[in-house]
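These notes are about the structure you will find just below.
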Amino acid sequence: MKPTNKHAIVIGGSLGGLFTGIMLRSIGWEVDIYERSPHNFDSRGGGIVLQPDVIKVFQRAGISYQEPLGVVAHERYYLNRYGSIAQPMAMRQVLTSWNLLYSSMRRHFPSEYYHQETSCKSRGWGTMRTEIMRSLSMNHKNCLFRSERSESQFVIIKSRY
C-alpha cells in the first residue's frame, strides 16, 4: 500500500492496539504503538473464540500464521446449575488462545515502532510521552497532537484492550 503521509500514535500495545496499528499500516499509515508495561505479553492465558473477522484482518495485513489457528469445536454445551448438560447445540467454532493471536501480530508489527515503557525512557521520548498522556488525560479518546519536531499532525488512538 502506498504511504499516505499520515501518522497514528496508538496508546496500548495489547491485542486492540496491535490490531489498530496493523490495520492502519495496511492502508499506508505510519504507526507508533506505545505500551506502558515494561514486560512482554508472552502469557495471558485466556481462551478466545476465533471470529471470522480476525482471519480477515490477518489476511488483509499479510500476517503469516499456520493453519489451524486453534481447535475446531463442533458443539457447545449449556450446563444447568448442577453442572449437567442442559442442552447441546451444534455450533462450529474455532477456539484459540490469546497468546497465539498476540504473538502472531507482535511478530508482524515492526519492533522499531513498538515502544514499551523501558524503550521510551532509554530513547529520550519522555517529553513526547508526557504530552501524549496529558492529551489523553483530558478525557479525549482520539485527539490530534502536534509534534515538537515537525509540523505534521498525529492521530492518537487510545486502546482499551
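Tabulated data for the structure shown
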item	result
Output for region 72-106, where each listed residue is free of Cβ contacts under 8 Å to residues at least 40 places away in the same chain and closer than 30 Å to N40 by Cβ	V72, A73, L100
Verdict on I11 being modelled with pLDDT under 90 and either surrounded by 18 or more Cβ atoms within 10 Å (Cβ to Cβ) or hydroxyl-bearing (S, T, Y) (or both)	yes
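The values are calculated or read from the model by the stated rules, or taken from the named source; none is laboratory data. Fair warning: this is a prediction, and the values are worked out from it, not measured in the lab. Cβ coordinates were reconstructed from backbone atoms using ideal geometry, including for glycine residues, and neighbour counts include every protein chain displayed.
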